[in-house]
Amino acid sequence: AEKLAEAKRKEELRLKEEARKAKELEEKRIAEEKAKLAKELESKKEAERKEELRLKELEEKRIAEDKARLEKQKAEKLAEAKRKEELRLKEEARKAKELEEKRIAEEKRIAEEKRIAEEKAKLAKELEAKKQAEAKRKEELRLKEEARKAKELEEKRIAEEKAKLAKELEAKKQAEMKRIKAEKLAKEKKLAEDKARLEKQKAEKLAEAKRKEELRLKEEARKAKELEEKRIAEELKAKKQAEIKRIKAEKLAKEKKLAEDKVRLEKQKAEKLAEAKRKEELRLKEEARKAKELEEKRIAEEKAKLAKELEAKKQAEMKRIKAEKLAKEKKLAEDKARLEKQKAEKLNLFNKSKIEEEKILSKTNNVILTNKPIEEIDFANGLKQIKKEPEVPYSDRLKNFRNIFKKASKTKYTLKLTTIDSNKVKWYAHRFGLDPNYITIKRGSKTDIYYGVFDSIAEATEKTATLHPKIYESNPPVRKIGSIR
């Protein structure tokens, strides 16, 4: 009995040890399987995350490509519109040039007509001047002839007066001689000397009288000649002034008429040009309005078409994502079912082993081994529900970075991305997808944009590779924070 009891005790201890080892092995195997499943789930989750990131990147790439394509189409359309505008402007310039050439030809024609009219007027004036010169010459000849005749008449009159005077003197002389002769006969001796003296005095007086008379006649002739010349000169001057006044009056009248005609023609020409210009401006405005309406209509149609295409692509992409999601969910459900099946099989095996143990224990004096209840295995490894962290708004993150930038050491580095107009900063950040790790420094109407806080130049240079390709290609310079703050 003691031996049986000892054997039974030993058997119980052995069975307990085997059960403990089996349980440890089972727990170890379950833990390994759990870790393996958790690892598989983690790898699947990582794969799903990577797939989601890949899909997101593909979506972003597709959106970027669509945006680039739209921008390219827009640029092409703008280029086409610009080309059409240039053609239209060239056509307008050509028409304007033709109008200008016509205007110049018209002005040349008018100038030529004016020149011909001026030449005709000049010829008429020259003929008139020639006629006047001829008339003047004839008048001068006539006046000279009259002066010559007057001079001849004056000379004839003076000669007659001289002859008359000489005759009178001769008569007086004869009478005096007769008287003297009578006195001489009466007083021969006394008067002989007196006679000689008287004759001498008489001769002197006659000579003096003759000389005075000649001087008087010469002076009168000179005065008469001067008066005649003065009269002739005054008459010529009066005629000349009258002729000059007449010519001036005619010239002024002609010039006034020509000026009035010129003003009238220029006014008519200006009115015609203004009318043509107004019509041309109205036509161009109408064409521009029609072109603008057509362009707006075309852009609206293209926008609608693009929106439709984008909507169709979006729907197709959503369907594809939905289908992929359904496939993933189906696969996850299948994996879950398979794991549940494996779990059930393992539980069945565990139950079978337990039944076998119970049977063995029942054989050894009905000793029942009690085990702990089987705990539920968490195949998700505690990842049933992931609590998302609250997202910080972009403006708050930007404010936080500004504080970091202000507190950063002066020896640290930053990237100077660009200098643009102050009203384009938001557009730049949106266009090139800047994260809220930048700061702006306003300088007048321009603004400098600096990005990041780096410990070294190499770190700052490496960061440019992660920015937008356009920013990377621009090779932004590295600056010390102390030099800009």
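The values are calculated or read from the model by the stated rules, or taken from the named source; none is laboratory data. Keep in mind that this is a model prediction, so the values were computed, not measured. When we count neighbours, we look across all protein chains shown, and the Cβ atoms used for this are built from the backbone with ideal geometry, even at glycine.
Checking the condition modelled with pLDDT under 85 and under 30 Å from residue 135 (Cβ atoms), which residue from 224, 207, 253 passes?
Answer to the check: 224.
Given the structure, is residue 80 in a helix (DSSP H, G or I) and either under 24 Å from residue 243 (Cβ atoms) or touching a residue at least 40 places away in the same chain (Cβ under 8 Å) (or both)? Spell out the reasoning first.
Values: in a helix (DSSP H, G or I): yes; either under 24 Å from residue 243 (Cβ atoms) or touching a residue at least 40 places away in the same chain (Cβ under 8 Å) (or both): no.
It is false that residue 80 is in a helix (DSSP H, G or I) and either under 24 Å from residue 243 (Cβ atoms) or touching a residue at least 40 places away in the same chain (Cβ under 8 Å) (or both).
Identify all residues within the range 462-483 that are under 22 Å from residue 406 (Cβ atoms) and of a type in the set (D, E, K, R); write none if there are none.
463, 479, 480
Give 224, 233, 242, 238 a once-over and let me know the one that is in contact (Cβ under 8 Å) with a residue 24 or more places away in the chain, in a helix (DSSP H, G or I) and either in contact with a His (Cβ under 7 Å, 6 or more places away or on another chain) or under 30 Å from residue 137 (Cα atoms) (or both).
Testing whether each residue is in contact (Cβ under 8 Å) with a residue 24 or more places away in the chain, in a helix (DSSP H, G or I) and either in contact with a His (Cβ under 7 Å, 6 or more places away or on another chain) or under 30 Å from residue 137 (Cα atoms) (or both) leaves just 224.
Among the residues of the range 279-315, write down those that are out of contact with any helix residue (DSSP H, G or I) (no Cβ under 9 Å at 6 or more places or on another chain) and among the aliphatic types (A, V, I, L, M).
Selection gives 282, 294, 300, 304, 307, 312.
On the basis of being assigned to a helix (DSSP H, G or I), at pLDDT below 85, hydrophobic (A, V, I, L, M, F, W, C) and surrounded by 12 or more Cβ atoms within 10 Å (Cβ to Cβ), does residue 306 make the cut?
Judged against the criteria, residue 306 is a match.
Only one of (1) surrounded by 13 or more Cβ atoms within 10 Å (Cβ to Cβ); (2) in contact with a Lys or Arg (Cβ under 7 Å, 6 or more places away or on another chain); (3) not in a loop (DSSP other than H, G, I, E, B) is not met by residue 429, so which one is it?
If we test residue 429 against (1) surrounded by 13 or more Cβ atoms within 10 Å (Cβ to Cβ); (2) in contact with a Lys or Arg (Cβ under 7 Å, 6 or more places away or on another chain); (3) not in a loop (DSSP other than H, G, I, E, B), just (2) comes out false.
State which residue pairs qualify: first residue over 27 Å from residue 88 (Cβ atoms) and inside the range 265-286, second residue among the hydrophobic types (A, V, I, L, M, F, W, C) and part of a helix (DSSP H, G or I) in any location, beta carbons under 8 Å apart, and separation of 6 or more residues or different chains.
What qualifies is 265/110; 269/110.
Do you know which residues across the range 444-481 are among the small types (Gly, Ala, Ser), more than 22 Å from residue 398 (Cβ to Cβ) and more than 33 Å from the chain's Cα centre (by Cα)?
Scanning the range 444-481 gives 456, 458, 465.
Considering only residues that are hydrophobic (A, V, I, L, M, F, W, C) and under 31 Å from the mean Cα position of the chain (by Cα), which ones fall in the range 401-443?
Hits for the range 401-443 are 417, 420, 425, 427, 429, 432, 441.
What is the number of the single condition among (1) more than 30 Å from residue 259 (Cβ to Cβ); (2) touching an Asp or Glu at 6+ places or on another chain (Cβ under 7 Å) that residue 132 does not meet?
All conditions pass for residue 132, except number (1).
Kindly list the number of the only condition in (1) over 29 Å from residue 331 (Cα atoms); (2) of a type in the set (Lys, Arg); (3) surrounded by 11 or more Cβ atoms within 10 Å (Cβ to Cβ) that fails for residue 44.
It is condition (1) that residue 44 fails.
Residues to consider are 57, 17, 26; find the one that is farther than 30 Å from residue 324 by Cβ and loosely packed, with under 13 Cβ neighbours inside 10 Å.
17
Any chance you could count how many residues in the range 81-113 are within 30 Å of the chain's Cα centre (by Cα) and among the small types (Gly, Ala, Ser)?
3
Just one of the numbered conditions (1) in contact with a Pro (Cβ under 6 Å, 6 or more places away or on another chain); (2) part of a helix (DSSP H, G or I) is not true of residue 417; which one?
Every listed condition holds for residue 417 apart from (2).
I want to confirm something. Restricting to the range 267-296 and keeping residues that are acidic (Asp, Glu) and surrounded by 12 or more Cβ atoms within 10 Å (Cβ to Cβ), which single residue is modelled with the lowest pLDDT?
Ranking the qualifying residues of the range 267-296, first place goes to 295.
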